[in-house]
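For reference, the structure discussed in these notes is given below.
The values are calculated or read from the model by the stated rules, or taken from the named source; none is laboratory data. Treat the numbers as computed from the prediction; the structure is a model and nothing was measured. No Cβ is skipped: glycine too gets one built from the backbone with ideal geometry, and neighbour counts run over all protein chains shown. In case anyone asks, the SASA skips ligands and DNA or RNA and just uses the protein heavy atoms, side chains included. Shrake-Rupley method; radii C 1.70, N 1.55, O 1.52, S 1.80 Å.
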Amino acid sequence: MKIPKEAENIIRLLADNTHDAYVVGGCVRDTLIGRDPDDWDITTDAKPEEIKKIFHRTIDTGIEHGTVTVLMNGHSYEVTTYRVDGEYSDHRRPDSVSYTDNLIEDLKRRDFTINAMAYNHEKGLVDAFGGQEDLKKGIVRCVGTADERFTEDALRILRAIRFSAQLGFEIEANTLKAIGLHGKDLPAVSAERILVELNKTINSAHPENMRLIWEWGLDRYISEHFYLIKDASGLVPGYQGSWAALMRDNTPDEVRIVLKELKSDNDTLNRSIALVTEYKNPLPETAVEVRRILNRIGPELFNALMDMYESSGVSPEEIDRLMEIKSGIMIRGEAYTLKQLNITGNDLLSLGYKPGPQLGSVLEGLLEEVLEDPTLNSFDKLQKIASAM
């Protein structure tokens with residue numbers, strides 16, 4: 001297995017100081033299936049204070065749980081001591097952790113078999129729970145007993161769905177059954193962490209796997225108003241505006257309520273509300289209507305709106321026709337915003353208009369004229385129209 005040279009150096013330096021160390025978890029999983037890992041995590045029998053002595057540049061990112069971030073050549077690597085978790089009284093985090101010198105004990109506490117493998121060049125792949133076989137079969141399966149894993153950390157329920165969506169895997173039968181039994185513990189998970197998992201799922205290769213949320217009755221536990229979303233039929237891989245597609249049949253107010261409960265960022269919130277609002281309008285037919293949509297939501301969200309229409313059954317031919325109209329508008333440089341008008345507020349002031357609301361109203365009126373007829377967007381024509389207002 002090819003691993004980054006910095007990760008190799010960390011493992012080697014730990015070994016030089018009589019400690020075992022391995023890359024572990026998602027990076028091993030992704031490498032085995034030919035994906036580029038986002039992060040390379042390292043596990044070791046060295047205690048945090050020993051790690052800090054060996055490496056000169058470290059950050060105590062999670063030292064209470066045995067994690068030290070090692071900085072090397074501009075890259076950062078989380079190095080965590082082998083550990084055994086205590087009780088999970090809040091269904092989210094262990095009440096305590098204790099260190100161990102046994103790698104298998106550390107791997108045993110992890111969520112799924114495909115995430116419970118470790119590797120270094122000397123020992124090779126350590127796979128005590130059948131993770132490699134589950135990768136070959138395309139299965140998401142809990143390490144040990146699914147009931148125990150989900151009782152410990154309810155977020156793992158949504159992680160199971162997320163991994164099935166990202167990898168195109170099936171969820172193993174006992175794991176799937178336990179999802180239905182332990183959904184009631186999801187309120188113990190913060191809205192922010194829930195949103196991270198949902199975002200990764202709806203933007204995955206198989207966002208339709210979100211259907212499991214409704215099939216197993218999880219919607220009532222995710223947030224107070226998540227039940228307002230009825231299904232995942234609007235989700236298609238690669239579409240923009242995924243939250244809007246998911247909530248296309250909801251009202252803009254319902255979109256606002258759900259995303260605020262999930263602590264969504266304002267950009268996603270505003271984009272989703274704008275798209276759902278626009279989706280309620282009739283499908284545009286003419287270039288004038290397309291320019292008006294561009295004025296309201298811009299070209300990027302226009303593309304997302306077309307995705308939503310296509311996912312709701314509008315023919316690809318009609319979508320292509322509207323996208324051609326939009327492309328023509330962009331290529332010809334036709335104005336659909338105030339900034340694109342070939343006359344400015346200062347120009348109007350020179351015509352005798354006074355600063356204030358009237359000036360803005362005139363500019364809006366000129367834009368209305370240009371949205372109807374783009375050939376009017378010249379200084380002379382706009383000046384003449386403005387003089388007549």
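Among the conditions (1) open to solvent by 10 Å² or more (accessible area, probe 1.4 Å); (2) in contact (Cβ under 8 Å) with a residue 12 or more places away in the chain, the only one that VAL258 does not satisfy is (1).
Each residue in the stretch 308-326 was checked for being open to solvent by 50 Å² or more (accessible area, probe 1.4 Å) and under 16 Å from VAL288 (Cβ atoms), and 2 pass. Every condition in (1) open to solvent by 10 Å² or more (accessible area, probe 1.4 Å); (2) within 27 Å of the chain's Cα centre (by Cα) is met by VAL79 except one, and the failing one is (1). Among the residues of the stretch 263-283, which ones are surrounded by fewer than 20 Cβ atoms within 10 Å (Cβ to Cβ) and either outside any helix (DSSP H, G or I) or among the polar types (S, T, N, Q) (or both)? Selection gives LYS263, ASP265, ASN266, THR268, ASN270, THR277, LYS280, ASN281, PRO282, LEU283.
The set of residues in the stretch 98-147 being in a loop (DSSP other than H, G, I, E, B) and either under 28 Å from the mean Cα position of the chain (by Cα) or among the charged types (D, E, K, R) (or both) consists of ASP101, ARG109, ARG110, ASP111, ALA116, MET117, GLU122, LYS123, ASP127, GLY138, ARG141, VAL143. Scanning the stretch 284-300 for residues that are assigned to a helix (DSSP H, G or I) and either without any contact (Cβ under 8 Å) to a residue 40 or more places away in the chain or open to solvent by 60 Å² or more (accessible area, probe 1.4 Å) (or both) yields GLU289, VAL290, ILE293, ASN295, ARG296, ILE297, GLY298, PRO299, GLU300.
ASN199 passes all but one of (1) in a helix (DSSP H, G or I); (2) closer than 30 Å to GLY298 by Cβ; (3) open to solvent by less than 30 Å² (accessible area, probe 1.4 Å); which number fails? Among (1) in a helix (DSSP H, G or I); (2) closer than 30 Å to GLY298 by Cβ; (3) open to solvent by less than 30 Å² (accessible area, probe 1.4 Å), the lone unmet condition for ASN199 is (3). For the stretch 241-255, filtered to residues that are of a type in the set (S, T, N, Q) and farther than 15 Å from ASP219 by Cβ, the residue that is least open to solvent (accessible area, probe 1.4 Å) is SER242. Could you tell me whether the stretch 44-61 includes any residue that is open to solvent by less than 60 Å² (accessible area, probe 1.4 Å) and under 27 Å from the mean Cα position of the chain (by Cα)? The answer is no, given that none of the residues of the stretch 44-61 is open to solvent by less than 60 Å² (accessible area, probe 1.4 Å) and under 27 Å from the mean Cα position of the chain (by Cα).
Of all the listed residues (GLY238, GLY234), the sole one being part of a loop (DSSP other than H, G, I, E, B), at pLDDT below 95 and open to solvent by less than 10 Å² (accessible area, probe 1.4 Å) is GLY234. Screening LEU198, LEU186, LEU235 for residues that are within 13 Å of LEU158 (Cα to Cα) and in contact (Cβ under 8 Å) with a residue 60 or more places away in the chain leaves exactly one candidate, LEU198. Right, GLN358: polar (S, T, N, Q), closer than 30 Å to VAL276 by Cβ and out of contact with any strand residue (DSSP E or B) (no Cβ under 7 Å at 6 or more places or on another chain) or not? It is false that GLN358 is polar (S, T, N, Q), closer than 30 Å to VAL276 by Cβ and out of contact with any strand residue (DSSP E or B) (no Cβ under 7 Å at 6 or more places or on another chain).
One residue stands out in the stretch 99-146 among those that are of a type in the set (Ser, Thr, Tyr) and open to solvent by 60 Å² or more (accessible area, probe 1.4 Å): the one that is farthest from TYR22 (Cα to Cα), namely THR145. Within the option set GLU197, GLU172, being over 16 Å from the mean Cα position of the chain (by Cα), within 30 Å of SER96 (Cα to Cα) and of a type in the set (D, E, K, R) holds for one residue only, GLU172. Is it the case, given these coordinates, that THR18 is over 30 Å from GLY138 (Cβ atoms), among the hydroxyl-bearing types (Ser, Thr, Tyr) and surrounded by 15 or more Cβ atoms within 10 Å (Cβ to Cβ)? So THR18 does not fit the description; no.
Quick one: ILE161 ticks every box in (1) surrounded by fewer than 22 Cβ atoms within 10 Å (Cβ to Cβ); (2) in contact with a strand residue (DSSP E or B) (Cβ under 9 Å, 6 or more places away or on another chain); (3) among the hydrophobic types (A, V, I, L, M, F, W, C); (4) closer than 30 Å to ALA304 by Cβ bar one, so which box is it? (1) is the only condition that ILE161 fails. Within the stretch 64-76, can one find any residue that is open to solvent by 70 Å² or more (accessible area, probe 1.4 Å) and either among the polar types (S, T, N, Q) or in contact with a Phe, Trp or Tyr (Cβ under 7 Å, 6 or more places away or on another chain) (or both)? Within the stretch 64-76, one or more residues are open to solvent by 70 Å² or more (accessible area, probe 1.4 Å) and either among the polar types (S, T, N, Q) or in contact with a Phe, Trp or Tyr (Cβ under 7 Å, 6 or more places away or on another chain) (or both).
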